[in-house]
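See below for the structure under consideration.
The values are calculated or read from the model by the stated rules, or taken from the named source; none is laboratory data. On a predicted model such as this, the values are computed, not experimentally measured, just so you know. Neighbour counts are summed over all protein chains in view; Cβ atoms, including those assigned to glycine, are modelled from backbone coordinates with ideal geometry.
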Amino acid sequence: MDIKSDSNIRDAVVAGAFYPADPQNLSHLINKYLSDADRILDSLKPPLPHPPQLSDVSKTARPPRQRTLLKAFIVPHAGYIYSGPIAGVAYRLMQKFYSVDSSEPKKPPLKILLLGLSHNILLNGAAVSTFDFWQTPLGKIPVKNLRVEIRNKIRAKDVLKEFEEAHEAEHSLEVQVPFLQIILKKFILYPLAVSEVDPEDLAETLVDFAAQDDVVIIVSSDLSHYLPYEEAVEKDLRSCELITQLDTENGEFGIDACNKTGILTLMYLAKKLNLVPRLLDYRNSGDTAGGKSGVVGYASLIFGDGSLFTKS
């Protein structure tokens, strides 16, 4: 499959399948998910903090470093009718914290470090994208090669691979982009298709880049696949418990997720960056748009500053 409409643009490959190909329908659907998410967020106990307002800070104090308060997310990547409502909960919270004021054109864009799964291609490492832009029905967004950004070039060369074939038919990264286009006015995408790589090594490779204030980490992963409804709920909630406990030792065997490596990588990063995880929403395809005899699990989790996010 040739996904290059231009020498440096990756065309959308799952528009019309995983999400609407029509821009108006796509925008409407995502905005509905974001609107519906407020009910979930407002019902959380203990309640989530509101994003800090500069007006709440004295003129002599250093403004809150808003970009470190809500640092990372885990979101699902199935077709929107199945997992879109759950992803929308995380993206709605991200929208509240990270919407860039259009009156600040000089404000630098967020850097989105997106860790998806290489479903179709096995390789040693994680594949960066070498395209300059990724295209969706909502327009194109700039993409950068993470290998260029990593300071430790030897480690980056060992772990991060330039292997565009891993992105060719991959949906786990692409389905996140329209959500980001709706909630953020500007951002730069650093996509990784994660394959056969030690998550602790990947975390060590990424930690200096991930620690930057303008970097937000998103891991794209579903949970268990095709189990009966009740069994899936039990297994998935156990996976979420291991994630929120940052239990990497037991998580290696106990987390049931397609992109378990990406999740474990984020858990190792959370330990290094002193991030506290919290579960926002869990549902499965039996709750959204499918039957209950064999379901796929979906969760939205956040990782933030320990002074703001209480484990639940």
Note: among V177, V194, V159, V148, just one is of a type in the set (V, I, T) and closer than 15 Å to V13 by Cβ, namely V177
Listed by first then second residue, the pairs whose first member lies in segment 231-249 and is among the basic types (K, R), whose partner is assigned to a loop (DSSP other than H, G, I, E, B), with beta carbons under 9 Å and at least 6 positions apart or on separate chains, are K235/L223; K235/S224; K235/D256; R238/I255; R238/D256
Picking from D287, D281, D305, the residue that is at pLDDT below 95 and among the charged types (D, E, K, R) would be D305
inquiry  = For segment 230-252, check the following and say yes or no: at least one residue is modelled with pLDDT under 95 and either aromatic (F, W, Y) or under 15 Å from L115 (Cβ atoms) (or both).
reply    = no
Quick count over segment 230-260, residues being buried (at least 24 other Cβ atoms within 10 Å of the Cβ), part of a helix (DSSP H, G or I) and within 15 Å of the chain's Cα centre (by Cα), is 1
By residue number, the members of segment 278-288 that are buried (at least 22 other Cβ atoms within 10 Å of the Cβ) and either touching a Cys at 6+ places or on another chain (Cβ under 7 Å) or closer than 19 Å to I112 by Cβ (or both) are L280
